[in-house]
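The values are calculated or read from the model by the stated rules, or taken from the named source; none is laboratory data. Please read all numbers here as calculations on a predicted model, not as lab measurements. No Cβ is skipped: glycine too gets one built from the backbone with ideal geometry, and neighbour counts run over all protein chains shown. Heavy atoms of the whole protein, side chains included, go into the accessibility calculation; ligands, DNA and RNA do not. Shrake-Rupley method; radii C 1.70, N 1.55, O 1.52, S 1.80 Å.
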Number of protein chains: 2
Amino acid sequence: MTEPDHPSVARRISAPPSMSALAAEALRDMVLAGDLRPGDRVIENRLTEQLGVSRPPLREAMRVLEQEGLIVQVPRKGAVVAPITPHDIYEIVSLREEIEQIAVRLGVPVRSRERLERLRLAFANLEAAAEEPGASRVVETSFAFHLAVVGLAGHKRLEDVYRSLSLQMRMCMAMNRRARAAIETAREDAARHRPLMELVEAGDLEGMAHTLAHHGQRTFLLTIEDDAEGHSPESRAWFARIRKEEEEAMRHD
Amino acid sequence: MTEPDHPSVARRISAPPSMSALAAEALRDMVLAGDLRPGDRVIENRLTEQLGVSRPPLREAMRVLEQEGLIVQVPRKGAVVAPITPHDIYEIVSLREEIEQIAVRLGVPVRSRERLERLRLAFANLEAAAEEPGASRVVETSFAFHLAVVGLAGHKRLEDVYRSLSLQMRMCMAMNRRARAAIETAREDAARHRPLMELVEAGDLEGMAHTLAHHGQRTFLLTIEDDAEGHSPESRAWFARIRKEEEEAMRHD
DNA sequence: CGCTGGACTACTGTCTACAAAAGGCAGGCG
DNA sequence: CGCCTGCCTTTTGTAGACAGTAGTCCAGCG
């Protein structure tokens, strides 16, 4: 008779705090907070004593981070935090935007009550965070809101890709020395979410697609230098186009 | 003096045959070949002696397969080959198609010589495989050709997602008892790749986008039952729409 | 003074072993 | 006869240790 306990309650626990999951979360936070910057080596032994876990769970965690695109593993060399070139920025932002468009096209017509409710909750959180003095929660809740918009489609695979891209984007924001500016922009950007929410409630598909286009770029454009190395032909063209559109939009304000 | 060996040649070996990679490949082949069917449990101990590797590399391999969407891990229950519902089919095929559209839109205008060359190679392989009696290589090379089309965009993240979706699609094809029919369709479908290739050479963006739309569906529609369980509202609507479009297209032939 | 060869260091890849938890099965009791 | 409970088996999660390889640094020679 060790413990009768409650054999049924364990069923509800969807997250038995496995060391791997904990390690993954801690590692992800380190990257997102900028403690680990792109290009930094990720040494297993160092991390194990730093996080207080053994190597196997840490390796699992690194696998997760790799899947999320935050670190890359080189076969016999070890792992590094994913280096970010302008081309990567191009990939992340352009794909992210495309996915938002797809999600809206697929999800808005459905108007699932449950998913709409989740979106409203995310919106409420966002507004609450915008009121707070600290700005860190603004970034987090803003990303959560966008994720909830994509979630309207009820498309798991689409959501997974979007989640990864969002994480990579946050890593980029943490990386850059102009991150503070980015956060401020995010706060100002939060005000733009209200009209978006109204379009959702109205079921205005076209309006949402239009609003979402170039919505994230504005925030993000400030976080990088365009004279950095690692440009590809398409990324160079893309940056030029975005900047021009941005200037145009500024004139209209 | 153990071995002077050739310390320089090892540099060129990009793939030191790590046990994990080997295990991943073997496991993937098992799933794609239908030896492991969706819903089957993936027992670690059984697989280790079957593949002749130890548990750690096998776990790494399972992580890779999970990332590819071929298996799912339930925390304290073990792993199973990803079960496929009609809703999953909807997700896979619809997203795959969207990505092809994006890739063409981004990639065709660039006309990178190197990527075009890769595509031509894939096309040559496909034509060669279509001549052979065995049909297995037709499926493989057909998927490779489509991947090369997506590769035109030079968008790594887009390609990765596409690769995953293709693998899941192949798993579905292996799963179904009407797989033989699907393969035959793929062979007939191979003939349709020639006009697509010509559109690429001509740089006809609109034409490609139009040709790619509903291109894969035809092949794939045969591989599933529409009366299966696991439908969602959107998947049901999607199936209905696709079937109608398909019938329409048949009439035009 | 520069280059090349070798040895060293430190990291990753792999394996064996242990502990804990969940599910299945059998036996007993109501 | 059915249900509940306790044990057992199976399987995963975790830990620590070992070997192999790649990169680096130093010393010796040209």
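Quick notes on this structure:
- Per-residue Karplus couplings for region B:149-165, computed as 6.51 cos²θ - 1.76 cosθ + 1.60 with θ equal to phi - 60°, are listed in order as 4, 4, x, 4, 6, x, 10, 4, 5, 4, 5, 4, 4, 4, 4, 4, 4 Hz, Gly and Pro entered as x.
- Among B:Asp204, A:Asp160, the sequence by solvent-accessible area, most first, with a 1.4 Å probe is A:Asp160, B:Asp204.
- Within region B:16-81, all pairs of alpha-carbon atoms sorted by distance into 10 Å bins from zero give the percentages 23, 62, 15, 0.
- Residues A:Lys244 and B:Glu117, FRET efficiency given R0 of 25 Å [Cβ-Cβ distance, rounded to 0.05]: 0.20
- Placing unit charges on the Cβ atoms only, positive for Lys and Arg and negative for Asp and Glu, gives region A:16-81 a dipole magnitude near 300 debye about its Cα centre.
- Shown in residue order for region A:55-71 are the 3J(HN,Hα) couplings computed by the Karplus curve 6.51 cos²θ - 1.76 cosθ + 1.60 at θ = phi - 60°: 5, x, x, 5, 5, 4, 4, 5, 4, 5, 4, 5, 4, 7, x, 8, 10 Hz (x for Gly and Pro).
- Couplings 3J(HN,Hα) for region B:114-121, derived from phi with the Karplus relation 6.51 cos²θ - 1.76 cosθ + 1.60 (θ = phi - 60°), are 5, 6, 4, 5, 4, 5, 4, 4 Hz, where x marks Gly and Pro.
- At an R0 of 60 angstrom, the distance between the Cβ atoms of A:Arg41 and B:Arg251 translates into a FRET efficiency of 0.45.
- Separation of region B:59-134 and region A:118-171, taken as the distance between their Cα centroids, equals 28 angstrom.
- Extending 7 Å from Cα along the Cβ direction at A:Glu131 and again at B:Ser18 yields two label points whose distance is 5.0 nm.
- In range of the label at B:Glu229: residues from region B:25-41 whose backbone nitrogen is under 11 Å from the point 7 Å along Cα→Cβ: none
- Carbon and sulfur %, accessible surface of region A:16-81 computed with the full protein complex present, 1.4 Å: 48 percent
- Entry comment: accessible area of region A:16-81 is 54 Å² per residue, from protein heavy atoms only and a probe of 1.4 Å.
- For the chain pair A and B, the buried solvent-accessible surface (1.4 Å probe, both sides summed) amounts to about 2800 Å².
- Spherically averaged projected area of region A:70-141 from its Cα convex hull (nm²): 7.8 nm²
- Ascending list, in nanometres, of distances separating the A:Arg241 label from those of the other copies (7 Å, Cα toward Cβ): 2.5
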